[in-house]
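The structure appears below as structure tokens.
The values are calculated or read from the model by the stated rules, or taken from the named source; none is laboratory data. All of these numbers come straight from a predicted model, not from anything done at the bench. Cβ sites come from the backbone with ideal geometry, for glycine too, and all protein chains shown count toward neighbours. All accessible areas refer to the heavy atoms of the entire protein, side chains included, with ligands and DNA or RNA removed. Shrake-Rupley method; radii C 1.70, N 1.55, O 1.52, S 1.80 Å.
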Amino acid sequence: MNTLLKASARMPHHTDLHRVFAALDDRQREFDWLLTDFELSFHPPGLPYLAGPERVLWLSGERLSAIVGAHVVQFIWAVLSGFRPGVEPDLARLDPYPFADGNDALRQPGVQIQHPLAAVEIVCYDSSATLLLSRDDDLTRRFRAHFPEAVDLDGYNRRTRPSPR
């Protein structure tokens, strides 16, 4: 199930992962995380600044949770792909490379998790929205219960997509 969170009093700036993780009831710890295409408000220890168009970081759920818990950081752009333990993509030849900035597929109906081995994806979209894509319905239910103003992403994309001429 795909979810979009835009305006929310509980998320005063997008994307605050501390608030996202609270909405997931800390279940992010169950995954290993691939961070790609990320731009942050600042780079705390453990999330270093990486130059180049294909920024890639691999962190355990515990490590990512510790970094997010210790620092207030805004994820301006990013894709966080969550993998079950024991499932690890080839980081040296990452194909596909999950990305947010310039990814028109995120604005179309039928959005899919970008990496086929990932179970969940959090997309930080230009400091204006947070997208949660998940194969785990429990994560989506928790997120939507915490953020009742969140909407179905596919429905939103169908309503806002320009009609063909």
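Across the options P148, G110, A66, the greatest Cα extent toward the positive end of the charge dipole of the chain (unit charges at beta carbon of Lys, Arg, Asp, Glu) belongs to P148.
The longest part of the chain holding none of the exposed loop GluC sites (Glu not before Pro), meaning those outside H, G, I, E and B in DSSP with at most 14 other Cβ atoms within 10 Å, is 55-148.
Couplings for segment 125-135, taken from phi via the Karplus curve 6.51 cos²θ - 1.76 cosθ + 1.60 with θ = phi - 60°, read 10, 6, 6, 10, 7, 10, 10, 10, 10, 8, 8 Hz in order; Gly and Pro are left as x. About its Cα centre, the dipole of the chain is roughly 520 debye, where the only charges are +1 on Lys and Arg Cβ and -1 on Asp and Glu Cβ. Loop sites by DSSP among the chymotrypsin sites (Phe, Trp or Tyr not before Pro) of the chain, restricted to those with at most 12 other Cβ atoms within 10 angstrom, leave 50-165 as the longest stretch without any of them. The residues of segment 71-165 have, on average, 52 Å² of accessible surface per residue, using a 1.4 Å probe with all protein chains present. Using a ≥ b ≥ c from the Cα gyration tensor of segment 1-143 (square roots of the eigenvalues), is it rounded, prolate or oblate, where a/c under 1.5 gives rounded and otherwise the larger of a/b and b/c decides, a/b for prolate? Since a/c stays below 1.5, the shape of segment 1-143 is classed as rounded. If you take the square roots of the eigenvalues of the alpha-carbon gyration tensor of segment 85-153 and sort them as a ≥ b ≥ c, do you get rounded (a/c under 1.5), prolate (a/b over b/c) or oblate? Oblate, because a/c is 1.5 or more while a/b does not exceed b/c.
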